[in-house]
Amino acid sequence: MDETRRNLIVAAGAAVLPTVAQAKGAPPLDAIPPLPARPTPGKPGDFDFLAGEWKIRHWRLPAGATEWDRFDGEASVWPILGGAGSVEELRIPARKFSGMGLRLLDVGKKQWIDHWVNARSGVLTPPGLPGSFENGAGLFWAEEDGEAGRKLLVLSLWDSITPRSCRWRQAVSEDGGRSWSLNWLMEWQRA
């Protein structure tokens, strides 16, 4: 994604995420931290904060729903490749669900790519979200093909990172970034 498109997504997401319409049972929201004009180069170890065992509180708003779905999960995360990679095994026992987050640093581009594999299919979901860590937050964004050939913008953010906790949020836009819908929030606590 070119720099102009990235800046549009970042600016729109920063303005909209904290004011997303609150559906019943919604998690608390706040703003995206300030971001520099250019992405910060990624480096090995950026995802080291995520290594270990976690308990996760999920809020998910399915498409068209007016009430947030709340459930618990857990994860085990390992750094790999000298910090140039991170593997997450996500488990949601009550839903008999598991998946894998695979984060890899493109060393040449100095950019992280966040991939997902659902255990039900075993297929790596394309295209992966590129991004980097800026001002203590990991911002990832991509343009994907939506329904009926429409472009869908996806923005995810790792923030509130401390030694014992962190948070991940995802929002989507179907109108080129003019409006956004927060559809998933995960609050991570060390097990």
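The values are calculated or read from the model by the stated rules, or taken from the named source; none is laboratory data. All figures in this text were calculated on a predicted structure; none of them were measured in a lab. Using ideal geometry, Cβ is built from the backbone for each residue, glycine included, and neighbour counts are taken over all protein chains shown.
Observations
- Test: residue in segment 169-185 that is in contact with an Asp or Glu (Cβ under 6 Å, 6 or more places away or on another chain), among the hydrophobic types (A, V, I, L, M, F, W, C) and not in a loop (DSSP other than H, G, I, E, B): no
- Flag for Asp159 being acidic (Asp, Glu) and at pLDDT 85 or above: yes
- Against the conditions (1) closer than 21 Å to Pro41 by Cα; (2) surrounded by fewer than 18 Cβ atoms within 10 Å (Cβ to Cβ), Leu155 satisfies every one except (2).
- Selected residue (criterion: farthest from the chain's Cα centre (by Cα)) from residues of segment 82-105 that are loosely packed, with under 13 Cβ neighbours inside 10 Å and in contact (Cβ under 8 Å) with a residue 24 or more places away in the chain: Gly82
- Segment 59-81, subset modelled with pLDDT under 95 and either of a type in the set (Asp, Glu) or surrounded by 14 or more Cβ atoms within 10 Å (Cβ to Cβ) (or both), residue farthest from Trp112 (Cα to Cα): Glu67
- Within segment 158-176, one or more residues are out of contact with any strand residue (DSSP E or B) (no Cβ under 8 Å at 6 or more places or on another chain), without any contact (Cβ under 8 Å) to a residue 40 or more places away in the chain and among the hydroxyl-bearing types (Ser, Thr, Tyr).
- Counting the residues of segment 98-130 that are on the phi > 0 side of the Ramachandran plot and either part of a strand (DSSP E or B) or modelled with pLDDT of 95 or more (or both) gives 1.
- Pick from segment 43-54, criterion under 17 Å from the mean Cα position of the chain (by Cα) and not small (Gly, Ala, Ser), ranking: surrounded by the most Cβ atoms within 10 Å (Cβ to Cβ): Phe47
- Failed condition for Gly128, given (1) in contact (Cβ under 8 Å) with a residue 60 or more places away in the chain; (2) of a type in the set (Gly, Ala, Ser); (3) closer than 25 Å to Glu74 by Cα: (1)
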